[in-house]
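Would you mind keeping the following structure in view while I ask a few things?
The values are calculated or read from the model by the stated rules, or taken from the named source; none is laboratory data. Remember, it's a predicted structure, so these values are computed and weren't measured experimentally. Ideal geometry is used to build each Cβ from the backbone, glycine not excepted, and the neighbour counts take in all protein chains shown.
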Amino acid sequence: MARFLFQASYSADGIKGVLKDGGTGRRSAVEAAIKSLGGKLEGFYYAFGETDVYVIVDGIDNATAAAFSMGVGSTGALSKLKTTVLMTPEEIDQAGKKTMSYRAPGR
């Protein structure tokens, strides 16, 4: 299982929904969706700037992350959604110990 960061910007309809439900109402809705997929909501934050909301989810796999992203994205409440896999320092240590054979272009 992995940890993911979802970043989203709201559409005009999405902003109306936030105003209606409140920030905590939207967090509860996202938490319920994540829980229904077998994951855990680790963080939910609003922000100023290009991205309106940041969501950190733990305990899901790639297919589940895609299902969440597509499910939320299909509502039309978002104008932009980005999904990032988060890795621990230990996972980077493991990656650094792997070897591979690769020839760069033109060499």
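With surrounded by 14 or more Cβ atoms within 10 Å (Cβ to Cβ) and either β-branched (Val, Ile, Thr) or under 22 Å from GLN7 (Cα atoms) (or both) as the only criterion, which of LEU86, LEU78 stands out?
LEU78
Here's something else I'd like to know. For residues that are closer than 20 Å to ASP58 by Cβ and loosely packed, with under 10 Cβ neighbours inside 10 Å, tally how many sit in the stretch 93-104. Let's see the steps before the verdict.
First, the residues of the stretch 93-104 that are closer than 20 Å to ASP58 by Cβ: 93-95.
Filter once more, so that each one left must be loosely packed, with under 10 Cβ neighbours inside 10 Å: 93, 95.
Within the stretch 93-104, residues that are closer than 20 Å to ASP58 by Cβ and loosely packed, with under 10 Cβ neighbours inside 10 Å number 2.
Sticking with this one: Can you name the residue in the stretch 38-57 that is touching a helix residue (DSSP H, G or I) at 6+ places or on another chain (Cβ under 9 Å) and among the small types (Gly, Ala, Ser) and is also nearest to LEU78 (Cα to Cα) among such residues?
GLY39
Which residue out of GLY59, GLY43, GLY23 is at pLDDT 95 or above and on the phi > 0 side of the Ramachandran plot?
GLY59
Quick check on the stretch 27-53: of everything there that is in a helix (DSSP H, G or I) and more than 15 Å from the chain's Cα centre (by Cα), which residue is farthest from GLY71 (Cα to Cα)?
SER28
Out of the stretch 9-37, which residues are crowded, with 16+ Cβ neighbours inside 10 Å and of a type in the set (Lys, Arg)?
ARG26, ARG27
Give me the pairs: first residue in the stretch 1-15 and under 14 Å from ALA67 (Cα atoms), second residue assigned to a helix (DSSP H, G or I) and among the aliphatic types (A, V, I, L, M), beta-carbon distance under 7 Å, and six or more apart or on different chains, which are they?
Partner pairs satisfying both residue conditions: PHE4/ALA65.
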